[in-house]
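Trainee: Before we start, here is the structure in question, set down as C-alpha cells.
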Amino acid sequence: RVEVLRLGHRGERDKRISTHVALTARALGADKIIFTVEDEHVEESVKKIVENWGGNFKFEVIKKWKEYIKNFKENNGIVVHLTMYGANVNEIMDEIKKEFEGKNILVIVGAEKVPKEAYELADYNVSIGNQPHSEVAALAIFLDRLFEGKTLYRKFENAKIRIIPSNDKKQVIIKKDK
Ligand code: SAM
C-alpha cells in the first residue's frame with residue numbers, strides 16, 4: 001500500500017499541479033492522496049476522475065501532517081521524501097524496494113519550500129536526479145521504479161470508462177449507468 005502526502009498548496013497557482021499530483025499518484029499505483037490545504041476544485045476534479053475511471057483511490061485533507069507521518073511510521077510504514085537534495089534514486093531504490101516487502105510507503109512531495117521536519121521525519125530523502133524539476137515528474141518516476149512498470153497495466157474496478165490500448169485506433173468502452 002502506498003500513500004502520497006502533498007505538503008503545501010498555493011491556492012490558485014497550484015490548482016492544476018496539485019490535481020496532477022493526485023491523478024499521477026492514482027494512475028501509477030498509489031492508494032491515497034493526502035493534502036495539507038483544502039481546495040474544493042482539486043477535490044472535485046479528483047473525485048470526478050475516480051467516479052468515471054474507477055478504483056478505490058482515497059482523498060483526504062489533514063492539518064497535522066507531522067502527526068500523520070509519525071503515526072504512519074508507527075503502523076508499519078516507511079516514509080520517503082522526494083527532494084532534489086536527497087540520495088540518488090538509482091543508488092537507493094533497491095534498499096527501499098526490499099523494505100517495501102511487507103510494509104507501507106508514504107511518499108512526500110512538496111509545493112514550495114519544504115519544512116526541515118519533513119527531511120528529519122523521512123526514513124529516506126530521495127532525489128530523482130539532483131536538478132530542480134517537478135513534483136509530478138518526481139512522483140511518476142519514483143512510483144514507476146517502485147512498481148517496475150507493472151501499475152501501468154492496472155485495471156480499475158467499477159470503471160465507467162476504459163481504454164483498450166491501440167497503436168492505430170481509439171478504442172474506448174463506456175459503461176452506461178443503469
Ligand atoms: N524549491 C523547493 C525546495 O527547496 O524544497 C522545491 C520546489 S519543487 C517545484 C516541488 C517539489 O518537487 C519538491 O518539494 C520535491 O518533492 C519535487 N522535486 C523537484 N525536483 C526534484 C528532484 N530532482 N528530485 C526529487 N524531487 C524533486
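Read the figures in this text as sums done on the coordinates, not as results from a lab. Since the model is a prediction, treat every value here as computed from it, not as a measurement. Ideal geometry is used to build each Cβ from the backbone, glycine not excepted, and the neighbour counts take in all protein chains shown.
Trainee: Please specify each residue of the range 126-178 satisfying the condition of being touching a residue at least 40 places away in the same chain (Cβ under 8 Å) and of a type in the set (G, A, S).
Mentor: S127, G129, S134, A138, A140, A159, listed by residue number.
Trainee: With respect to the numbered conditions (1) out of contact with any His (no Cβ under 7 Å at 6 or more places or on another chain); (2) under 21 Å from S127 (Cβ atoms); (3) not β-branched (V, I, T), which one is the sole condition not fulfilled by A111?
Mentor: The single condition A111 does not satisfy is (1).
Trainee: Hey, M84 hits all of (1) part of a strand (DSSP E or B); (2) crowded, with 16+ Cβ neighbours inside 10 Å but one; which does it fall short on?
Mentor: (2)
Trainee: Note down all Cβ pairs under 8 Å where the first residue falls in the range 89-103 and is within 15 Å of N130 (Cα to Cα), the second is of a type in the set (A, V, I, L, M) and assigned to a helix (DSSP H, G or I), and they're at least six residues apart or on different chains.
Mentor: Close Cβ pairs satisfying both conditions: V89/I141.
Trainee: If you don't mind, another one. If G86 satisfies all but one of (1) among the small types (G, A, S); (2) in contact with a Phe, Trp or Tyr (Cβ under 8 Å, 6 or more places away or on another chain); (3) under 30 Å from K48 (Cβ atoms), what's the number of the condition it fails?
Mentor: G86 satisfies all of (1) among the small types (G, A, S); (2) in contact with a Phe, Trp or Tyr (Cβ under 8 Å, 6 or more places away or on another chain); (3) under 30 Å from K48 (Cβ atoms) except (3).
Trainee: Can you tell me which condition N90 does not meet? The list is (1) polar (S, T, N, Q); (2) in a helix (DSSP H, G or I); (3) near the ligand (Cβ under 9 Å from one of its atoms), and all the others hold.
Mentor: Looking at each condition in turn, N90 falls short on (3).
Trainee: Can I ask one more? Checking N52 against (1) in a helix (DSSP H, G or I); (2) within 16 Å of the ligand (Cβ to nearest atom); (3) farther than 17 Å from R1 by Cβ, which single condition isn't satisfied?
Mentor: The one condition N52 does not meet is (2).
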